[in-house]
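A.B. asks: Sharing a structure, written as structure tokens. Questions coming.
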Amino acid sequence: MKNILKEIGEKTRKEERAQRAAIDAEIANPATPNDRRNFLKKAALGGIALGGLVHLSIEDTIAQTTQKVSRASSPSDLKITDLRVAEKGNRGTMANRIIRIDTNQGIYGIGDIRDGSDQRLALFLKSKIVGLNPCNVEMIFKVIKQFGFHGRQGCGVSAVEMACWDLCGKALGVPVWQLLGGRYRDKIRLYADTPEARDPKVQMDMLKKRLTEQGFTWLKMDLGIHQISNKEQGIVNYKYWDQNGGGINNWYMGRGYANGGYLDYWKLDHPFTQVQVTDKGIEEIVKVVEDVRNVVGTEVPLSVDHFGHMDMNQIIRIGRAVEKYRLAWLEDCVAWYYTDQLKSIKDALETPICTGEDIYMLGGMLGGFKKLIDSQAVDIIHPDLVSAGGILETKKIGDYAEEAGIAMALHANSTPVAFMANVHCAAATENFLALEHHNTDNPWWEGLVKMTGSQPMITKGFANVPLDAPGLGIELNDENLKARMTKGAVYFDATPEWDNPGRTYDKLWI
């Protein structure tokens, strides 16, 4: 045992000498800012020398020399100094959805702006947070929460919030789930989104792959009128929209966004299209579900969404027709703010009703999930953490729903940064069901980041909760991320244009 201690001691002394030399060199460098220099001096004082352990027992000496406790940060002196995006401009790459918050101590946190959103919603917040301590996450959230809203407009606030949690975890040397009160689970069940394919055989092959090769235990698929729009006499009022308002299929495939008409089909709320499904159309939709159930069996939960823009009466008709197939949930049947209509659908059906990916915050002046939960209008809430307000706000939403006997699934279609933020939130929230994995067929998606702990990100349909890595448990894979950027773009270019927008009076009252 003494020989082992001697080896540990010699190894530790070598590491301490190397670390001290690096610290001394950086302190002596004239380019080192004063805040960074003061931090390094404190870090040097916080180091633990093996020579100071000679009075301890063998057991205590081993514990002191092997424990993974960070002594190289000064959290109370942390200050935010900058906010940047990996790629400036809204060009549709994943690089322009990742933000980095820098500090005076050389550590940084990363966050994610939601897909289909505008990065300026995050950059705008730079002047509001520079100079603040990122470990005061809830306070910072209250400073900036008024600048978010429902839909994609909550993306900036959410990105900043998760980057602050990442920073705080790194500064304290603990995972984010620990800062949220601890974890309920070590791995996170994933559900695989499986987009609809025009060829039914292709759809079936994708679903089989999800189960057999990728190991998923929960599936989701599209089930809507776009799948039967080529069937004669299946839909009422289809041709009108196809000719005059962008078209049902254009909405679903994302091609309708360029039409620009205020009254296009894809822009109208569900009650205002007068699209209806005929009995023949119902039969075709039922056939889709039956074919899938025959392939995946009854053991696997199967969720469905993307019905199309039609009123609650049509949803109830479809829902009743497919009830015998025991679907896990019907998602986003009508717009989330039609609370009474969602409750009518829920009361009419046995299949669980789920919604929430476009809702910002639990409650407050901006509304949020609270009305849905208090009204018992849904069986499952479905926040997207990158719209809902970030990690802590999403946990608060889940905890509030738990008190009402409502479960929580998590919607996600983002970079691995937001995915890991969801993993920490899911680990710390008791009533969690499953987290969406929307990029399971994307070969380069996972490689945009590096795991800093000992486990891989995903193992056979489950995400691994980081148990031995601080913050979110990831770092950016710079080379892979640069390879996905627009040619000529500068990686994490400076953002001085967002430093000082001028005098603003941000209070919501006088």
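The values are calculated or read from the model by the stated rules, or taken from the named source; none is laboratory data. As the structure is a computational prediction, the values presented were derived from the model and not from experiment. Reconstructed Cβ throughout: ideal geometry from the backbone, glycine too, with neighbour counts over all protein chains shown.
A.B. asks: Looking at Val202, Val174, which one is more than 19 Å from the chain's Cα centre (by Cα), farther than 15 Å from Gly461 by Cβ and modelled with pLDDT of 95 or more?
C.D. replies: Val174
A.B. asks: Moving to a separate point now. Would you confirm whether any residue within the stretch 227-236 is over 30 Å from Met162 (Cα atoms), among the hydroxyl-bearing types (Ser, Thr, Tyr) and out of contact with any Cys (no Cβ under 6 Å at 6 or more places or on another chain)?
C.D. replies: Taking every residue of the stretch 227-236 in turn, at least one turns out to be over 30 Å from Met162 (Cα atoms), among the hydroxyl-bearing types (Ser, Thr, Tyr) and out of contact with any Cys (no Cβ under 6 Å at 6 or more places or on another chain).
A.B. asks: Another question, then. Considering each of Gly447, Gly488, Gly453 in turn, give the residue that is more than 20 Å from the chain's Cα centre (by Cα) and surrounded by fewer than 21 Cβ atoms within 10 Å (Cβ to Cβ).
C.D. replies: Gly488
A.B. asks: One residue is enough: does the stretch 305-312 have a residue meeting the conditions farther than 30 Å from Gly245 by Cα and surrounded by 18 or more Cβ atoms within 10 Å (Cβ to Cβ)?
C.D. replies: There is no residue in the stretch 305-312 that is farther than 30 Å from Gly245 by Cα and surrounded by 18 or more Cβ atoms within 10 Å (Cβ to Cβ).
A.B. asks: Next question, about the same structure. So Lys231 clears everything in (1) touching a helix residue (DSSP H, G or I) at 6+ places or on another chain (Cβ under 7 Å); (2) among the basic types (Lys, Arg); (3) modelled with pLDDT of 95 or more except one condition, right? Which one?
C.D. replies: The number of the failed condition is (3).
A.B. asks: Could you pull out the residue among Ser73, Ser57 that is within 22 Å of Val174 (Cα to Cα), at pLDDT below 95 and either among the acidic types (Asp, Glu) or over 24 Å from the mean Cα position of the chain (by Cα) (or both)?
C.D. replies: Matching residue, one of Ser73, Ser57: Ser73.
A.B. asks: Across the stretch 347-358, which residue is farthest from the chain's Cα centre (by Cα) among those that are surrounded by 21 or more Cβ atoms within 10 Å (Cβ to Cβ) and under 11 Å from Val378 (Cβ atoms)?
C.D. replies: Result: Ile353.
A.B. asks: Exactly one condition in (1) in contact with a Cys (Cβ under 6 Å, 6 or more places away or on another chain); (2) over 30 Å from Phe216 (Cα atoms) is false for Arg114; which is it?
C.D. replies: In the conditions (1) in contact with a Cys (Cβ under 6 Å, 6 or more places away or on another chain); (2) over 30 Å from Phe216 (Cα atoms), Arg114 misses (2) alone.
A.B. asks: Being within 28 Å of Arg210 (Cα to Cα), surrounded by fewer than 24 Cβ atoms within 10 Å (Cβ to Cβ) and among the hydroxyl-bearing types (Ser, Thr, Tyr) is true for just one of Thr440, Thr415. Which residue is that?
C.D. replies: Thr440
A.B. asks: Moving on. Report whether or not Glu430 is without any contact (Cβ under 8 Å) to a residue 60 or more places away in the chain and more than 19 Å from Asp384 (Cβ to Cβ).
C.D. replies: no
A.B. asks: Tyr184: modelled with pLDDT of 95 or more, closer than 30 Å to Val296 by Cα, among the hydroxyl-bearing types (Ser, Thr, Tyr) and out of contact with any helix residue (DSSP H, G or I) (no Cβ under 9 Å at 6 or more places or on another chain), yes or no?
C.D. replies: Considered against the rule, which asks whether it is modelled with pLDDT of 95 or more, closer than 30 Å to Val296 by Cα, among the hydroxyl-bearing types (Ser, Thr, Tyr) and out of contact with any helix residue (DSSP H, G or I) (no Cβ under 9 Å at 6 or more places or on another chain), Tyr184 comes out as no.
A.B. asks: Here is a follow-up. Would you confirm, using the coordinates I've provided, whether Ser158 is touching a residue at least 60 places away in the same chain (Cβ under 8 Å) and among the hydroxyl-bearing types (Ser, Thr, Tyr)?
C.D. replies: Yes.
A.B. asks: For the stretch 233-251, what are the residues that are over 29 Å from the mean Cα position of the chain (by Cα) and in contact (Cβ under 8 Å) with a residue 24 or more places away in the chain?
C.D. replies: Gln233, Gly234, Ile235, Val236, Asn237, Tyr238, Trp241
A.B. asks: List pairs: first in the stretch 269-287 and over 9 Å from His309 (Cβ atoms) and surrounded by 15 or more Cβ atoms within 10 Å (Cβ to Cβ), second at pLDDT below 95 and among the basic types (Lys, Arg), Cβ under 9 Å, 6+ apart or cross-chain?
C.D. replies: Gly281/Lys231; Glu284/Lys231
A.B. asks: A follow-up question, please. Among (1) surrounded by fewer than 18 Cβ atoms within 10 Å (Cβ to Cβ); (2) modelled with pLDDT of 95 or more, where does Ile99 come up short?
C.D. replies: If we test Ile99 against (1) surrounded by fewer than 18 Cβ atoms within 10 Å (Cβ to Cβ); (2) modelled with pLDDT of 95 or more, just (1) comes out false.
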